[in-house]
Amino acid sequence: MSGTAAIIGGGVIGGGWAARFALMGWEVWVFDPDPEAERKIAAVMANAERALPMLYEAPMPPRGAIRFVSTIAEAVAGADWVQESVPERLDLKLKIYRDIVSHASSEAVIGSSTSGFRPSQLQEGLPDASRIVVAHPFNPVYLLPLIELVPGVKTAPEAVDKAKEILTGIGMYPLHVRAEIDAHIADRFLEAVWREALWLVKDGIATTEEIDNAIRYGFGLRWAQMGLFETYRIAGGEAGMRHFLEQFGPCLTWPWTRLTDVPEFNDDLVDLIAGQSDEQSGHRTIRELERQRDDNLVAILHALKGREAAAGKLVLDHDALLRGPLGDGVPLVTVRRTVPVDWTDVNGHMNEGRYGQVFSDASEELMTHVGADRAYIDAGNSYFTAETNIKYLAETLAAEKFFVETRVTLGAGKKLRLWHEMKREADGETLATCDQFLLHVSLETRRSCPPLAHVAEAVERLAAAHGAQS
Ligand SMILES: NC(=O)C1=CN([C@@H]2O[C@H](COP(=O)(O)OP(=O)(O)OC[C@H]3O[C@@H](n4cnc5c(N)ncnc54)[C@H](O)[C@@H]3O)[C@@H](O)[C@H]2O)C=CC1
Ligand SMILES: C[N+](C)(C)CC(=O)CC(=O)[O-]
């Protein structure tokens, strides 16, 4: 499903929204009075265009255009989704909503990126507030799937349903926050951790870098895959959460944290934190840091995807949505994807081991196409690869788009031979070829045997069609 999105405020977050919508095939209209907005969004888009397609094995939809207009009325006209991401000031947001509501379609979902305001605060005094929800994203919006979806008292239930459908359609995970509170759910945590970190720096206990290390070498890794409660359940040993609570519950009354205490926010604190942060990371531009962050997030999400865990499962499901059935062309296009960053090696190009994976993915697609699909395998039949001969013809780099054309060069009885050509999307140059010989096997005896009739017929049909045209 695609449509038209209006982005009101195209800064860090609005830019991320614009990139996600456009890369998922939506037409995007942006309103931002900042004369630099177009340049800044182009920079965010360049990073997003590199990172997001690396998550998926299926091809992304054709990219939608991002256009800039000079009024809110022009931006929201005909939009299916309006996303407000202006600075976190209630007076400004309220003024913007009056303008949005009077020009947007009564069918459009109107989402706010606000980190802290409640949706009912944004709905104050509007003639029709029934389409307004908080849709609070996480930076970078084009990679992180979580959206805190918070309806206000005046939000129509249909608007929430439509919001969920659209957000899921662009690869996000809408977490329906059932009760509206300041700062929703996730920002409550972030504020608590942030406050504690500010104290630790202010009190001279730790530097900004030491605090970052305390997170990234330890509990930050745990949180990405199991969150808080499952992690602590395990920490209770075999007795689980009950023992964990009994052991650590008393600590809640000890003076371990200063969580509810707020450090005085003044120039000294800003100088201290910003100075240490400059020392830690000031030698790198924000765009460089963004690319490093994005590459790491892609690698983490890929690892979780391989394990069908946490946010990786979501990427896997979205992949299935993006992937359509194979056409009947000759040759068959069995793979169309982008080289993920974690596939490259010390030479800065795709590692030779990954070519094996590409051609294995191609043959799995072909197997599904001829009816040797998951159900066929679960019933005890499959193909095993007996031999491959891969030729590496040109370098393949991270973020490059490529596709694989597959021909059946032999399909007789238990023998199946495939010829794969991996080609660069940009110019059609052949990057690698693979001659692959497979044998049909019984998964019970682990020995070769003829395929079931429908698979044998499909393979023979393809062999005849491909042979006739090769
Ligand atoms: N930066 C972050 O980490 C996150 C921010 N948010 C929320 O997103 C919203 C935007 O924050 P950022 O993108 O960080 O701020 P930002 O300062 O990067 O961007 C705000 C943009 O709004 C534009 N703007 C100002 N007045 C405007 C108007 N009248 N009409 C249209 N555009 C206008 C500015 O020119 C600027 O480009 C806030 O509500 C914030 O709480 C949500 C999640 C994370
Ligand atoms: C600092 N912040 C409150 C603006 C953070 C967020 O809203 C979410 C995020 O991306 O961390």
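The values are calculated or read from the model by the stated rules, or taken from the named source; none is laboratory data. In this text the structure is predicted, and so the values were computed from the model without any measurement. Because the Cβ atoms are built from the backbone with ideal geometry, glycine has one as well, and the counts that use them run over all protein chains shown. With ligands, DNA and RNA removed, areas are computed over all heavy atoms of the protein, side chains included. Shrake-Rupley method; radii C 1.70, N 1.55, O 1.52, S 1.80 Å.
For the reader, a short list of remarks on this structure follows.
- Selected residue [touching a residue at least 40 places away in the same chain (Cβ under 8 Å), in contact with a helix residue (DSSP H, G or I) (Cβ under 7 Å, 6 or more places away or on another chain), of a type in the set (Gly, Ala, Ser) and open to solvent by less than 50 Å² (accessible area, probe 1.4 Å)] from Gly371, Gly312: Gly371
- Residues in segment 172-193 include none that are open to solvent by less than 20 Å² (accessible area, probe 1.4 Å), more than 30 Å from His302 (Cβ to Cβ), among the aliphatic types (A, V, I, L, M) and more than 13 Å from ligand 2 (Cβ to nearest atom).
- Of all the numbered requirements in (1) touching a residue at least 12 places away in the same chain (Cβ under 8 Å); (2) of a type in the set (Gly, Ala, Ser); (3) not in a strand (DSSP E or B), Gly353 misses one, and that requirement is (1).
- Test: residue in segment 58-80 that is within 16 Å of ligand 2 (Cβ to nearest atom), of a type in the set (D, E, K, R) and modelled with pLDDT of 95 or more: no
- Leading residue by the ranking (nearest to the chain's Cα centre (by Cα)) among those in segment 334-351 that are within 27 Å of Thr168 (Cβ to Cβ) and open to solvent by 50 Å² or more (accessible area, probe 1.4 Å): Asp342
- Enumeration of residues in segment 388-408 that are under 18 Å from Ala463 (Cβ atoms) and surrounded by fewer than 17 Cβ atoms within 10 Å (Cβ to Cβ): none
- Looking only at segment 72-97, and only at residues there that are part of a helix (DSSP H, G or I) and open to solvent by 60 Å² or more (accessible area, probe 1.4 Å), the one that is farthest from Phe117 (Cα to Cα): Glu74
- Test: residue in segment 157-166 that is within 16 Å of ligand 2 (Cβ to nearest atom), surrounded by 14 or more Cβ atoms within 10 Å (Cβ to Cβ) and modelled with pLDDT of 95 or more: no
- Criterion: assigned to a helix (DSSP H, G or I), open to solvent by less than 70 Å² (accessible area, probe 1.4 Å), touching a Leu at 6+ places or on another chain (Cβ under 9 Å) and within 16 Å of ligand 2 (Cβ to nearest atom) - qualifying residue of Ile147, Ile211: Ile211
- Among the candidates Glu444, Glu429, Glu421, the residue that is of a type in the set (Asp, Glu) and surrounded by 14 or more Cβ atoms within 10 Å (Cβ to Cβ) is uniquely Glu421.
- Test: residue in segment 119-131 that is among the polar types (S, T, N, Q) and within 13 Å of ligand 2 (Cβ to nearest atom): no
- Pairs linking a residue in segment 176-197 that is in the same structural domain as Ser277 (by TED's automatic domain parsing) to a residue that is open to solvent by 30 Å² or more (accessible area, probe 1.4 Å) and among the aliphatic types (A, V, I, L, M), with Cβ atoms under 6 Å and 6 or more positions apart or on different chains, are Ala192/Leu259; Glu196/Leu259.
- All of Leu326, Leu289 fail the test of being more than 26 Å from Lys423 (Cα to Cα), open to solvent by 30 Å² or more (accessible area, probe 1.4 Å), of a type outside the set (S, T, N, Q) and touching a Ser or Thr at 6+ places or on another chain (Cβ under 9 Å), apart from Leu289.
- Qualifying residue in segment 123-130 (condition: crowded, with 18+ Cβ neighbours inside 10 Å and outside any loop (DSSP other than H, G, I, E, B)): yes
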